[in-house]
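The values are calculated or read from the model by the stated rules, or taken from the named source; none is laboratory data. Since this is a predicted model, take the numbers as computed values, not measurements. Because the Cβ atoms are built from the backbone with ideal geometry, glycine has one as well, and the counts that use them run over all protein chains shown. These area figures cover heavy atoms from the full protein model, side chains too; ligands, DNA and RNA do not enter into them. Shrake-Rupley method; radii C 1.70, N 1.55, O 1.52, S 1.80 Å.
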Amino acid sequence: MTEASEQDQVFESAAELFALLSTPIRLKIISAVCNREKNVSELLSEIDTTQPNMSQHLSTLYRTGVLAKRREGTQIYYRLQSERVATLCRAVCTQVAIELDSSEALPARDRLVPSATR
């Protein structure tokens, strides 16, 4: 494999990961299960969405290996499977929160958040 094709593969994989994480509800789900597993009812009490929408996002996160699940009776419990994804989410969300809360304007080259959304 050439260096250019290896680089292309890295960028394509990163773009797929960012696409997976581009939905706010998925970031909320990842945040909600960071410290302990939760069932769908617990997640619905924390995240404002419908049950079908929640199930769709949980299924996507499970299929891609971000979440793991286990069944206990009629309940399905979800937990974080990929600590690396959680670390990435934490880093990006923390930086965005700092930028949004900051009273000082950062130079455009140092921002994660585009100026139009501030």
For the range 5-53, how many residues are closer than 16 Å to residue 93 by Cβ and among the small types (Gly, Ala, Ser)?
-> 3
Return the total of residues in the range 61-78 being farther than 28 Å from residue 112 by Cβ and either of a type in the set (Gly, Ala, Ser) or open to solvent by 80 Å² or more (accessible area, probe 1.4 Å) (or both).
-> 7
Any chance you could count how many residues in the range 13-36 are of a type outside the set (A, V, I, L, M) and either within 9 Å of the chain's Cα centre (by Cα) or closer than 12 Å to residue 58 by Cβ (or both)?
-> 7
If you check residue 26 against the conditions, is it of a type outside the set (Phe, Trp, Tyr), open to solvent by 90 Å² or more (accessible area, probe 1.4 Å) and at negative phi?
-> no
If a residue has to be of a type in the set (Val, Ile, Thr), in contact (Cβ under 8 Å) with a residue 12 or more places away in the chain and outside any helix (DSSP H, G or I) to count, how many in the range 67-90 make the cut?
-> 1
Output for the range 45-60, where each listed residue is closer than 11 Å to residue 28 by Cβ and either surrounded by 12 or more Cβ atoms within 10 Å (Cβ to Cβ) or touching a residue at least 12 places away in the same chain (Cβ under 8 Å) (or both) = 46, 47, 49, 54, 57
For the range 80-102, which residues satisfy the criterion of being aliphatic (A, V, I, L, M), over 13 Å from the mean Cα position of the chain (by Cα) and open to solvent by less than 80 Å² (accessible area, probe 1.4 Å)?
-> 96, 97
Restricting attention to the range 1-43, the residues that are among the aliphatic types (A, V, I, L, M) and touching a Lys or Arg at 6+ places or on another chain (Cβ under 8 Å) number exactly 3
